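The values are calculated or read from the model by the stated rules, or taken from the named source; none is laboratory data. Source: prediction; values computed, not measured. All Cβ positions, glycine included, derive from the backbone under ideal geometry; neighbour counts span all protein chains shown.
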Amino acid sequence: MSGRRIRGALVPVAATAAALAAGCGGGDGASRAAALPVGDLSGGSVATFVDCGDWRGASRDERYATIEALRGRLTPELSKTNASPLADDRAYEVFQAACAHGPESLRLYKLYVRVQGFAPLMTG
Amino acid sequence: MDLRGIRWKVALAGAALGLVVPGAALAHLERPSYWPDPAPDTSVRPAAGGRVPLASPLRTAVTGKRTRRQSRSGRAGTGDVRVVCQGRGGARSMRLAEASIRRARTRGYRLRPSQPTTRLSARQARELLEINRRLRAKCRYHSVQEAIDASGNNDRVVIMPGTYTEPESRKQPENDPRCNPSLLQKDASGDQAPSYAYQVTCPHDQNLIYVQGRALKGEPLAEPRTDRRGIPAQELGRCVRCNLQIEGSGAKPEDVILDAGSDYEGSGPEASPGGHAKHVVLRADRADGFVGRNFLMRGAREHGFYTEETDGTLLDRVKFFWNADYGHLAFTSDHQRVQNCDGMGAGDAVVYPGAAPETGSQSTDFYPDAPRMNTVITRCDLRHSTLGFSGSMGNAVRITDNHIYGNATGIASDTLSSAGHPGFPSDSSRIDNNYIYANNFNVYDPGSPVKPLVTVPVGAGVIYAGMNDARVHDNWFFDNWRFGTLLFAVPDALTSYGGPEGDVFPGVRCAGAPVVPLSTSCGNHYFRNRVGQVPKGFEFPEILDRYPVPHSKAGARAMPNGTDFWWDEFLSNRENCWYGNRGPDGTAQSVTGSGEAGAFPGLPPNPLPDCADGRTPSLSIGLGDLAKEAYLVECAQGPKAPTGPIACDWYSAPPRPGSAEQAALRRRYEAASTAFLATPAADALGKLVGDLAKGAGVTP
């Protein structure tokens, strides 16, 4: 398993209503619908292992697909939707910056959680 | 509400370079999870759970004799004994045992790097050797997993010295089609995670060694229950491996290595793996009354030890080395104790008890003996990791009598990761009588041997991100170059969209909460700590310098922290008190804080509210500080290029306290903070904070 990279295959990446509600951006609808999240797939999701190394190697559409997959796992289990106060475009910007300046080992879900937590206080 | 009018302290005057840190949120992803019934399960004898289990002495594995106390107290591991060994007839294990025992007799060993050498007496060495000879004669297994699979309730697995890589487990595929996707469990919105049945059916999909504590029964609930008290009856099977004890028979924990790594660089127990064969070294799932003792867990892609929905676990004399995420992870588990441990090399934390039961200030009649601590971490060295300790929703967890050093941040506990973590908000943490020092490991440096998975400040002792009713007392905090401790709020609206996970029980300290959506960072007390002082006779553990951790020169009696106590003063937070603490010169006057709730801005040493020496907590109330809040928001976004006047600096090594570099940095941040208050961004932030605080009854 070590070092193996699997493209996520189970998470449907069609631009869902929830994603739209969360403020998705980038790419046209067709290319986003075709894109898959990046990172090693484990237990039905890439959320556990996807890191900055994966992010750097992904296309724009794959990155948005990855954000969508993360959002699904990082909203409450009791929530009927995957809507988040963190807009996908904002998450994209944060990951771009963090993965440009931080180590490739950073797990994106851990970063997503804290950015999501402070999203309502982001003014810019 | 325009908060620009709020008097704010140039937070950083005392805050030493202090850009703040929403850092504590660690989080972890798992199936919808429930707290186990805290009462003992009397369907087995002795009853399982209901308390921290007791270990059976090693010698009883060969004598078969139970001591009177053992019989009376109902220890784990009193049933059948299965011995695991290596080499033909156990020859290799016996050679290793002999060598280790001889060395422990003549030269001694360190159970923890901060502690003196332990030597076996001649009698102890003879006895341990004889035990191993008799174990060798009983050895029938070469795989730990095979011995576990053959075991039932109350049984014991004794592992003789050697490194156990479990080749059969390694061969099993990940995302095994026997289980994936058919045994994935969905949450309310359809997102998937492996169910308990998944782990039982495909135990080595993720785990090197798996302990199935309870039988499979029915399906998990179609949607998670809001009340997480009690595992749903429809899927809670009978005990099949409760009160199981697993232990090494060597002189020291490193003699038995449970190893999920590969491609090691270097040699010896602390060698660093270049790859990982499995996510978890040893997973004990719903395994009430589990005892693990005297071995090392190494090289997992995620966690060394992992227990979930378990009532009763004792880990004693264990080590967690180079597990990429957590060394130890306990989730929704009760009656836990980890003692005499040593851990390093974690990309997140060495020890993590998360989503701990509500046995603190929000306890209900589900816990008739509450309030009580549900988890104790004691006599451990937590070192050379991104975090020594962490825990999201770490309710009623006690951290006592440990050495926590050489990490980026020593301890973090938070309410940030609410999704998937029942127990909102986090409360009743207790940190006492620890030595917390030299947590200055810059794991974000490209050359760092530890690969960080999470973002925390370099140079911090303790972070509470959204904690209530904590007690931090009688600790020694020194040589943490950015912060001794940090306390800041995580407003409810920020925890995660959709609100907290599961029910919120009464007893939240913050006024009006949770109706008023500011439920965190109230009622925390810091007292009788020594900050910036070095205990008499203290010496840094030699091992501290094995990795590039900046620290002061040995021998000094004072080793200041950057800022001793930092508080964000979030609007309406109440009853947070600091008293009876003594600074580098032995007096309260030399303790540094980040300001006194709106009064005396910038006056050194910027004391925090002492609440009349702790007697009148109501004297402390947060009046807001926009500069600090702006830092929090900035730092939440992780590493990035400086983007404004208040840039986050916590991914770099902090300057040495007292240095010219530190003084210059403080001046820079003072100016930047002042400038920030005059910006439209401050106006906008003030409005957001003010809106959140509506109804809290606090007027800036």
For residues in the range B:654-675 being crowded, with 20+ Cβ neighbours inside 10 Å and not hydroxyl-bearing (Ser, Thr, Tyr), which is nearest to the chain's Cα centre (by Cα)? B:Pro654
Kindly provide the set of residues from the range B:687-700 that are within 26 Å of A:Ala98 (Cα to Cα) and of a type outside the set (Val, Ile, Thr), ordered by number. B:Leu688
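Counting only residues that are touching a residue at least 24 places away in the same chain (Cβ under 8 Å) and out of contact with any Cys (no Cβ under 8 Å at 6 or more places or on another chain), how many does the range B:43-61 have? Give the steps one after another, and end with the answer.
From the range B:43-61, those touching a residue at least 24 places away in the same chain (Cβ under 8 Å) are B:43-56, B:58-59, B:61; that's our starting set.
Next, from what is left, pick out any that are out of contact with any Cys (no Cβ under 8 Å at 6 or more places or on another chain): B:45-47, B:50-56, B:58-59, B:61.
Residues in the range B:43-61 being touching a residue at least 24 places away in the same chain (Cβ under 8 Å) and out of contact with any Cys (no Cβ under 8 Å at 6 or more places or on another chain): 13 in total.
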Taking the criterion of being surrounded by fewer than 22 Cβ atoms within 10 Å (Cβ to Cβ), in contact with a Pro (Cβ under 9 Å, 6 or more places away or on another chain), modelled with pLDDT under 50 and in a helix (DSSP H, G or I), would at least one residue in the range B:9-19 satisfy it? no
Could we say that B:Asn294 is more than 29 Å from B:Gly423 (Cα to Cα) and surrounded by 24 or more Cβ atoms within 10 Å (Cβ to Cβ) here? yes
Can you find even one residue in the range B:280-296 that is closer than 18 Å to B:Leu29 by Cα, at pLDDT 95 or above and out of contact with any Gly (no Cβ under 9 Å at 6 or more places or on another chain)? yes
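Condition check: within 14 Å of chain A (Cβ to nearest Cβ) and either under 30 Å from B:Ala684 (Cα atoms) or modelled with pLDDT of 95 or more (or both). Does B:Ala27 satisfy that?
Details: within 14 Å of chain A (Cβ to nearest Cβ): yes; either under 30 Å from B:Ala684 (Cα atoms) or modelled with pLDDT of 95 or more (or both): yes.
For B:Ala27, the condition - within 14 Å of chain A (Cβ to nearest Cβ) and either under 30 Å from B:Ala684 (Cα atoms) or modelled with pLDDT of 95 or more (or both) - is met.
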Of those in the range B:618-629 that are buried (at least 24 other Cβ atoms within 10 Å of the Cβ) and assigned to a loop (DSSP other than H, G, I, E, B), the residue farthest from the other protein chains (Cβ to nearest Cβ) is B:Ser620
Taking the range B:536-565 and keeping only residues that are within 24 Å of B:Asp445 (Cα to Cα) and part of a strand (DSSP E or B), one is left with B:Thr563
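Let me confirm something: among B:Asn407, B:Asn395, which residue is touching a residue at least 24 places away in the same chain (Cβ under 8 Å), touching a His at 6+ places or on another chain (Cβ under 8 Å) and in a loop (DSSP other than H, G, I, E, B)?
Exactly one residue qualifies, and that residue is B:Asn407.
Please work out if B:Arg225 is within 14 Å of chain A (Cβ to nearest Cβ), surrounded by fewer than 22 Cβ atoms within 10 Å (Cβ to Cβ), closer than 27 Å to B:Asp263 by Cβ and in contact (Cβ under 8 Å) with a residue 40 or more places away in the chain. Full working, then the answer.
Details: within 14 Å of chain A (Cβ to nearest Cβ): yes; surrounded by fewer than 22 Cβ atoms within 10 Å (Cβ to Cβ): yes; closer than 27 Å to B:Asp263 by Cβ: no; in contact (Cβ under 8 Å) with a residue 40 or more places away in the chain: yes.
The answer is no for B:Arg225.
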Given (1) on the phi > 0 side of the Ramachandran plot; (2) assigned to a strand (DSSP E or B), index of the condition B:Ile431 fails: (1)
Scan the range B:136-156 and give yes if some residue there is within 29 Å of the chain's Cα centre (by Cα), modelled with pLDDT of 95 or more and basic (Lys, Arg), otherwise no. yes
So, A:Gly3, is that one more than 30 Å from B:Ala222 (Cβ to Cβ), at pLDDT below 75 and in contact with a Lys or Arg (Cβ under 7 Å, 6 or more places away or on another chain) or not? no
Pick from the range B:519-557 the residues that are polar (S, T, N, Q) and under 21 Å from B:Arg582 (Cα atoms): which of them is nearest to the chain's Cα centre (by Cα)? B:Asn524
Name every residue in the range B:239-267 that is more than 21 Å from B:Val211 (Cβ to Cβ), in a loop (DSSP other than H, G, I, E, B) and either at pLDDT below 95 or within 14 Å of chain A (Cβ to nearest Cβ) (or both), in order of residue number. B:Asp263, B:Tyr264, B:Gly266, B:Ser267
At least 3 residues that are under 30 Å from B:Arg225 (Cβ atoms) and more than 7 Å from chain B (Cβ to nearest Cβ) in each: list the helices (runs of 4 or more DSSP H) lying fully within the range A:43-124 that qualify. A:60-73
If I ask for residues that are within 14 Å of another protein chain (Cβ to nearest Cβ) and surrounded by fewer than 23 Cβ atoms within 10 Å (Cβ to Cβ), which ones from the range B:207-222 would you list? B:Pro220, B:Leu221, B:Ala222
Any idea which of (1) farther than 20 Å from A:Gly117 by Cβ; (2) surrounded by fewer than 20 Cβ atoms within 10 Å (Cβ to Cβ); (3) at pLDDT below 85; (4) not charged (D, E, K, R) is the one B:Pro607 doesn't satisfy? (2)
Enumeration of residues in the range B:630-670 that are of a type in the set (Gly, Ala, Ser), without any contact (Cβ under 8 Å) to a residue 24 or more places away in the chain and either assigned to a helix (DSSP H, G or I) or more than 10 Å from chain A (Cβ to nearest Cβ) (or both): B:Ser659, B:Ala660, B:Ala663, B:Ala664
Condition set within 14 Å of chain A (Cβ to nearest Cβ) and not in a strand (DSSP E or B), scope the range B:346-364, selection nearest to the chain's Cα centre (by Cα): answer is B:Asp348
Elements of type strands (runs of 3 or more DSSP E) contained in the range B:150-193, each with 2 or more residues being away from chain A (no Cβ under 12 Å): B:156-159, B:162-164
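In the set B:Ala460, B:Ala489, which member is more than 14 Å from chain A (Cβ to nearest Cβ) and surrounded by 24 or more Cβ atoms within 10 Å (Cβ to Cβ)?
Details: B:Ala489 fails: more than 14 Å from chain A (Cβ to nearest Cβ).
Checking each option against the conditions leaves just B:Ala460.
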How many residues of the range B:160-188 are on the phi < 0 side of the Ramachandran plot, in contact with a helix residue (DSSP H, G or I) (Cβ under 7 Å, 6 or more places away or on another chain) and crowded, with 17+ Cβ neighbours inside 10 Å? The answer is 7
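Looking at B:Tyr444, B:Tyr367 in this structure, which one is among the hydroxyl-bearing types (Ser, Thr, Tyr), more than 14 Å from every other protein chain (Cβ to nearest Cβ) and assigned to a loop (DSSP other than H, G, I, E, B)? Please lay out each step first, then the result.
Numbers: B:Tyr444 fails: more than 14 Å from every other protein chain (Cβ to nearest Cβ).
Every option except B:Tyr367 fails the conditions.
Based on what the data block shows, is B:Gly343 farther than 28 Å from B:Ile231 by Cα, of a type outside the set (S, T, N, Q) and crowded, with 24+ Cβ neighbours inside 10 Å?
Working: farther than 28 Å from B:Ile231 by Cα: yes; of a type outside the set (S, T, N, Q): yes; crowded, with 24+ Cβ neighbours inside 10 Å: yes.
So B:Gly343 passes the test.
Going by the structure shown, is B:Asn442 under 22 Å from the mean Cα position of the chain (by Cα) and more than 28 Å from B:Arg372 (Cβ to Cβ)?
Details: under 22 Å from the mean Cα position of the chain (by Cα): yes; more than 28 Å from B:Arg372 (Cβ to Cβ): yes.
Judged against the criteria, B:Asn442 is a match.
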